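FYI, it's all coordinate maths here, none of it is from the lab. Owing to the predicted nature of the structure, the values given are computational and were not obtained by experimental measurement. Here the Cβ positions follow ideal geometry from the backbone for every residue, glycine too, while neighbour counts run over all protein chains shown.
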Amino acid sequence: MHEAGARRRVIAIDGPAAAGKGTLARRLAAHLGLPYLDTGLLYRAVARRVLDAGQHPSDPVAAQAQAAGLLPEDLERNDLRMPEVDRGAAAVASIPGVRATLLAFQRNFGAAHGAVLDGRDIGTIIFPEADAKFFITASVDARARRRWLELVARGIAAEFETVKADMQARDAADASRAAAPLVPAADAIILDTTALDADQAFAAALRILET
Ligand code: CDP
């Protein structure tokens with residue numbers, strides 16, 4: 001069984017859009033008996049609140065106020081994964097005041113009992129001392145295809161080329177922003193899932209954790 005020390009382990013999983021971070025993080029968390037936090041949901045929920053209020057996601061004052069007012073139930077909404085919110089999340093995520101407002105919640109979540117967290121800056125900013133850090137990548141075509149299939153499966157009409165172009169634009173924005181850019185931590189293990197299905201990615205990550 002898990003020892004007390006193992007329970008407090010923090011595992012950081014970062015990477016670009018639709019690389020398979022969430023699937024891997026959820027499975028690792030279940031396997032290791034750790035809580036799981038999808039930090040992208042925080043930015044998505046802030047964007048949703050901004051959009052619902054008729055405000056602009058690039059407005060720093062509005063976005064920071066919405067981040068400060070974020071409620072647990074905002075994370076449970078079923079309209080957080082759609083193209084408009086993808087773009088809005090990337091916009092609010094580039095605002096330093098929004099990131100600062102969400103930082104303590106993420107640290108507290110992991111500090112209490114350990115956790116697996118996935119996002120863009122977990123290994124670099126949120127938990128630079130994480131016990132293990134993964135940077136999950138895949139080719140842009142593989143990632144766009146996964147996201148397109150997800151949307152189609154949920155009945156959201158989308159063109160593959162549009163999904164791919166939106167994803168490339170968001171990755172570029174995430175990687176080039178000044179505040180917590182998307183970049184592998186120096187000590188992150190890079191895992192390319194282009195040719196791996198979810199089971200293979202999980203097995204590869206477990207092997208790495210066990211060595
Ligand atoms: O599911 P997907 O990989 O497409 O995106 P996500 O993880 O839900 O994140 C949505 C957006 O939130 C990203 O494009 C980033 O701009 C932002 N984000 C961030 O800046 N930092 C995080 N730790 C997580 C997400």
Item to complete: Starting from the Cα-Cα distance between E210 and E84, subtract it from 0.36 nm times their residue separation and give me the gain in nm to one decimal.
Response: 41.4 nm
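Calculate the dipole size of the range 1-119 relative to its Cα centre from +1 charges on Lys and Arg beta carbons and -1 charges on Asp and Glu beta carbons; express the result in debye to the nearest 20.
380
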Item to complete: Calculate the dipole size of the range 52-117 relative to its Cα centre from +1 charges on Lys and Arg beta carbons and -1 charges on Asp and Glu beta carbons; express the result in debye to the nearest 20.
Response: 320
Discussion item. I need to check one value: relative contact order of the chain, counting alpha carbon pairs closer than 8 Å and at least 6 residues apart, in percent.
Written reply: 32
Worksheet, complete the sentence: Rounded to one decimal in nm, the spacing of the 7 Å Cα→Cβ label points at E159 and A112 is 4.6
Practice prompt. Would you work out which of T193, A67, V163 lies farthest towards the positive end of the dipole of the range 65-211? Charges go on Cβ: Lys and Arg +1, Asp and Glu -1.
Written response: A67
Worksheet entry | the chain: calculated mean residue ellipticity at 222 nm from DSSP helix runs of at least 4, using -39500 (n - 2.57) | -16500 deg cm²/dmol
Worksheet item: Using a simple charge model, +1 on the beta-carbon of Lys and Arg, -1 on the beta-carbon of Asp and Glu, nothing else, what dipole does the chain show about its Cα centre, in debye to the nearest 20?
Response: 180
Worksheet item: Of the chain, which part is the longest with no GluC sites (Glu not before Pro) in a loop (DSSP not H, G, I, E, B) and with at most 13 other C-beta atoms within 10 angstrom?
Response: 4-128
Discussion item. Just to be sure I understand the model, the point goes 7 Å from the Cα along the line to the Cβ. What's the resulting V61 to D197 distance in nm?
Written reply: 5.3
Item to complete: With r as the distance between the Cβ atoms of A100 and V183 and R0 = 22 Å, compute the FRET efficiency 1/(1 + (r/R0)^6) and round to 0.05.
Response: 0.70
